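Trainee: Provided herewith is a single structure, encoded as structure tokens, for subsequent inquiry.
The values are calculated or read from the model by the stated rules, or taken from the named source; none is laboratory data. All values reported here derive from a predicted model rather than from experimental measurement. No Cβ is skipped: glycine too gets one built from the backbone with ideal geometry, and neighbour counts run over all protein chains shown.
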Amino acid sequence: MKIETHCPLFPGFYNTIFEPNEENEIYSHNQDNGTDLCYDDFEWDYDDYRERIASTFVECFERNFQDIMLADITYQNISSPAYYNFSNDSINIEVDLDFDKFMKLVNENKEEIRQYILEHYTSRDGFMSFHSNNVEDWCNPEYVLENKEHRVGALMEALAQLFIDMDDIFYWTDTECYITYKLKNETK
């Protein structure tokens, strides 16, 4: 079954390890070229940076998720909030998996998933959940299919937190954490 959802475990760009770090690029450029340039001397290609990080993250996640169950995961695009007050960027993916096997795996790990569901779907001051916080609901295929775009991604994340070493994904994605740029005086 093909389902469009969000890529589990991705923390976003804003205020995370994946936030662009122009200072590192400027320092490296100045060290390599014996210059004393500053931020304003560069044109930064943030779109390229975000695309490389997102697609690499999805590739690394897919490779690691294969240890849990077979699934083809395809990068689609990045979604960014208008304001970063309550959410961060997310990566949209299409996942092709055997839904029955997926739900069997969810049910086999129900007790471990319970805590994830409670933490992420219990209403509290400043947050009103539109999903049940009862793991029994989340183990019911009909409930999951009612909002498969969100719920499959959430369950994939709950499983990933149990079985995947996030450091591996972050390490390999970090290899793309450089921002491409042009010197402003070279683009004129």
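Trainee: Any chance the range 124-133 includes a residue that's small (Gly, Ala, Ser) and on the phi > 0 side of the Ramachandran plot?
Mentor: Looking through the range 124-133, at least one residue is small (Gly, Ala, Ser) and on the phi > 0 side of the Ramachandran plot.
Trainee: Something else about it: Residue 35 fails exactly one of the following numbered conditions: (1) farther than 22 Å from residue 85 by Cβ; (2) in contact (Cβ under 8 Å) with a residue 12 or more places away in the chain; (3) more than 11 Å from the chain's Cα centre (by Cα). What is the number of that condition?
Mentor: The number of the failed condition is (2).
Trainee: Kindly evaluate residue 73 against the criterion of being touching a Cys at 6+ places or on another chain (Cβ under 8 Å), surrounded by 15 or more Cβ atoms within 10 Å (Cβ to Cβ) and farther than 21 Å from residue 158 by Cα.
Mentor: Values: touching a Cys at 6+ places or on another chain (Cβ under 8 Å): yes; surrounded by 15 or more Cβ atoms within 10 Å (Cβ to Cβ): yes; farther than 21 Å from residue 158 by Cα: no.
It is false that residue 73 is touching a Cys at 6+ places or on another chain (Cβ under 8 Å), surrounded by 15 or more Cβ atoms within 10 Å (Cβ to Cβ) and farther than 21 Å from residue 158 by Cα.
Quick grid of which residues meet (1) assigned to a strand (DSSP E or B); (2) closer than 19 Å to residue 172 by Cα; (3) among the aromatic types (Phe, Trp, Tyr):
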{"residue": "20", "(1), (2), (3)": "no, yes, no"}
{"residue": "47", "(1), (2), (3)": "no, no, no"}
{"residue": "64", "(1), (2), (3)": "no, yes, no"}
{"residue": "91", "(1), (2), (3)": "yes, yes, no"}
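Trainee: Let me ask something else about it. Any chance the range 153-170 includes a residue that's of a type in the set (S, T, N, Q), without any contact (Cβ under 8 Å) to a residue 40 or more places away in the chain and at negative phi?
Mentor: There is no residue in the range 153-170 that is of a type in the set (S, T, N, Q), without any contact (Cβ under 8 Å) to a residue 40 or more places away in the chain and at negative phi.
Trainee: Only one of these is under 17 Å from residue 176 (Cα atoms) and among the hydroxyl-bearing types (Ser, Thr, Tyr): 83, 39, 46. Name it. Full working, then the answer.
Mentor: Working: 83 fails: under 17 Å from residue 176 (Cα atoms); 39 fails: under 17 Å from residue 176 (Cα atoms).
Exactly one of 83, 39, 46 is under 17 Å from residue 176 (Cα atoms) and among the hydroxyl-bearing types (Ser, Thr, Tyr), namely 46.
Trainee: Further, regarding this structure: Filtering the range 76-93 down to residues that are among the hydrophobic types (A, V, I, L, M, F, W, C) and under 14 Å from residue 8 (Cα atoms), which residue is surrounded by the fewest Cβ atoms within 10 Å (Cβ to Cβ)?
Mentor: 78
Trainee: Being free of Cβ contacts under 8 Å to residues at least 60 places away in the same chain, surrounded by fewer than 13 Cβ atoms within 10 Å (Cβ to Cβ) and not acidic (Asp, Glu) narrows it down to one residue among 130, 102; which is it?
Mentor: The unique qualifying residue is 130.
Trainee: Okay, next question. What's the total number of residues in the range 119-152 that are acidic (Asp, Glu) and in a loop (DSSP other than H, G, I, E, B)?
Mentor: So the answer is 1.
Trainee: When the residues of the range 153-188 are narrowed to those that are in a loop (DSSP other than H, G, I, E, B), of a type outside the set (A, V, I, L, M) and in contact with a helix residue (DSSP H, G or I) (Cβ under 6 Å, 6 or more places away or on another chain), which ends up surrounded by the most Cβ atoms within 10 Å (Cβ to Cβ)?
Mentor: Once the filter is applied, the top-ranked residue is 176.
Trainee: Can you report the number of residues in the range 24-43 which are assigned to a helix (DSSP H, G or I) and touching a helix residue (DSSP H, G or I) at 6+ places or on another chain (Cβ under 8 Å)?
Mentor: Looking only at that region, the number is 4.
Trainee: Name, by its number, the condition in (1) loosely packed, with under 15 Cβ neighbours inside 10 Å; (2) of a type outside the set (D, E, K, R); (3) touching a residue at least 60 places away in the same chain (Cβ under 8 Å) that does not hold for residue 5.
Mentor: (1)
Trainee: Something else: Looking at (1) modelled with pLDDT under 95; (2) under 14 Å from residue 68 (Cα atoms); (3) of a type outside the set (Asp, Glu), which one does residue 126 not meet, given that it meets all the others?
Mentor: Only one criterion in (1) modelled with pLDDT under 95; (2) under 14 Å from residue 68 (Cα atoms); (3) of a type outside the set (Asp, Glu) is unmet by residue 126, namely (2).
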